[in-house]
Amino acid sequence: MDDAEQAEAPEYERPPDGEAVPDTADGPRHLFLGESEQQDADLAASLSQLATLSASRFGLVELLTKVASMAVQAIPGADGAGLTLLEPDRADIIVKSTDFVREIDDIQYSIGQGPCISAAETGTTMRSGSLGGDPRWPRFGPRAGRLGVHSVLSLPLVTPGGVVGAMNVYAHAKDAFDERSEQLGELFAVPAAISVLNAQILAQSQRLATQLQAALTSRPVIDQAIGIMISRSGDTAEQAFGRLQQMSQHEHVKLTVVAQQIVAKAAARARARRPHTD
């Protein structure tokens with residue numbers, strides 16, 4: 001380019017915050033992104049990744065862990081995140097994106113107090129920039145602060161059917177999360193809740209299918225054991241089944257195992273009574 005062309009070439013001027021930044025010959029758009037634009041880009045990237053998650057490709061715990069890691073990317077100031085899935089009639093599932101999160105979450109669940117518990121119970125976002133002095137969690141906050149974790153953003157995972165869990169996003173610095181962080185976190189939590197719910201439903205369906213298959217497999221041997229007990233005692237089928245249940249509870253073994261033992265002993269006695277031939 002000669003001197004005349006250089007003189008005519010316009011210099012790049014960055015538009016004011018809030019205006020779109022086009023790609024130019026001087027360089028790609030991302031080189032000129034402001035802080036808020038970069039945050040929006042991070043959120044968009046996390047949502048894009050979230051949309052590709054498939055509950056059929058990942059186990060439940062693995063998928064929840066990926067969602068927690070995406071939350072760290074989506075929420076400004078985050079150092080780590082955890083996710084708690086409320087499981088009906090089962091122990092809750094708790095995952096983490098990094099090791100220190102497990103230690104912090106263990107504290108709040110062991111004492112029954114903390115931002116995640118509050119978020120799940122109330123269905124509202126909990127934010128704190130100084131856990132050590134936060135009066136809402138007087139037993140949890142100081143212990144978290146002594147471990148060097150001062151900020152938290154707890155987001156309930158709300159679905160049309162109710163709250164299925166909560167995400168805890170932590171930072172070591174004080175006042176790491178502002179209203180912007182909370183806004184972005186809540187935007188991320190909406191599709192995250194649906195992904196978590198879908199994964200939970202699939203896992204429940206798989207467990208039910210396994211249980212049904214086990215029941216189909218075990219039913220014949222239970223029926224055989226009931227028949228043997230009826231032939232010995234003259235009990236009804238209901239009475240024999242009740243006795244079988246009592247034996248299972250007394251011996252602390254599954255019903256199927258007790259039935260298999262009864263059938264095996266009956267078969268061994270029958271073989272012993274057979275006449276021996278040379």
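The values are calculated or read from the model by the stated rules, or taken from the named source; none is laboratory data. Bear in mind that the values here come from a model prediction, so they are computed numbers and not experimental data. Virtual Cβ from ideal backbone geometry, glycine too; neighbours counted across all protein chains shown. Surface accessibility is based on the protein's heavy atoms, side chains included, excluding ligands, DNA and RNA. Shrake-Rupley method; radii C 1.70, N 1.55, O 1.52, S 1.80 Å.
Looking only at the range 59-102, count how many residues are touching a Leu at 6+ places or on another chain (Cβ under 9 Å), open to solvent by 50 Å² or more (accessible area, probe 1.4 Å) and polar (S, T, N, Q).
Qualifying residue count for the region: 1.
In the range 119-153, which residues are among the small types (Gly, Ala, Ser) and part of a loop (DSSP other than H, G, I, E, B)?
Gly123, Gly129, Ser130, Gly148
So, in the range 261-276, exactly how many residues are open to solvent by less than 70 Å² (accessible area, probe 1.4 Å), free of Cβ contacts under 8 Å to residues at least 12 places away in the same chain and under 28 Å from Gln211 (Cβ atoms)?
Number satisfying all stated conditions: 2.
Which pairs do you get when a residue that is more than 17 Å from Gly77 (Cβ to Cβ) and among the acidic types (Asp, Glu), found in the range 20-48, comes within reach of a residue that is at pLDDT below 75 and open to solvent by less than 70 Å² (accessible area, probe 1.4 Å), reach meaning Cβ atoms under 6 angstrom, with the pair 6+ apart or on two chains?
Short answer, once both residue conditions are applied: Asp26/Tyr12.
Among the residues of the range 200-218, is any assigned to a helix (DSSP H, G or I), of a type in the set (Ser, Thr, Tyr), open to solvent by 40 Å² or more (accessible area, probe 1.4 Å) and over 26 Å from Ala270 (Cβ atoms)?
Yes, some residue in the range 200-218 is assigned to a helix (DSSP H, G or I), of a type in the set (Ser, Thr, Tyr), open to solvent by 40 Å² or more (accessible area, probe 1.4 Å) and over 26 Å from Ala270 (Cβ atoms).
Results for (1) open to solvent by 60 Å² or more (accessible area, probe 1.4 Å); (2) β-branched (Val, Ile, Thr); (3) more than 16 Å from Val67 (Cα to Cα), shown as yes or no for each residue.
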site: Ser195; (1), (2), (3): no, no, no
site: Ala225; (1), (2), (3): no, no, yes
site: Asp235; (1), (2), (3): no, no, yes
site: Gln239; (1), (2), (3): yes, no, yes
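Restricting to the range 154-179, and then to whatever is over 19 Å from Ile93 (Cα atoms) and aliphatic (A, V, I, L, M), can you tell me which residue is least open to solvent (accessible area, probe 1.4 Å)?
Ala171
Assess whether Glu182 counts as being of a type in the set (D, E, K, R), outside any loop (DSSP other than H, G, I, E, B) and open to solvent by 80 Å² or more (accessible area, probe 1.4 Å).
no
For the range 227-260, how many residues meet the condition of being farther than 25 Å from Gln211 by Cβ, part of a helix (DSSP H, G or I) and small (Gly, Ala, Ser)?
Of the residues in that region, 2 qualify.
Being among the aliphatic types (A, V, I, L, M) and in contact with a Phe, Trp or Tyr (Cβ under 6 Å, 6 or more places away or on another chain) narrows it down to one residue among Ile226, Ile201; which is it?
Of the residues listed, the single one that is among the aliphatic types (A, V, I, L, M) and in contact with a Phe, Trp or Tyr (Cβ under 6 Å, 6 or more places away or on another chain) is Ile226.
Collect the residues in the range 193-217 that are in contact with a Ser or Thr (Cβ under 9 Å, 6 or more places away or on another chain), in contact (Cβ under 8 Å) with a residue 40 or more places away in the chain and closer than 18 Å to Val72 by Cα, keeping them in residue-number order.
Passing the criteria: only Val196.
So, in the range 17-54, of the ones that are in a loop (DSSP other than H, G, I, E, B) and aliphatic (A, V, I, L, M), which residue ends up modelled with the highest pLDDT?
The residue in question is Leu53.
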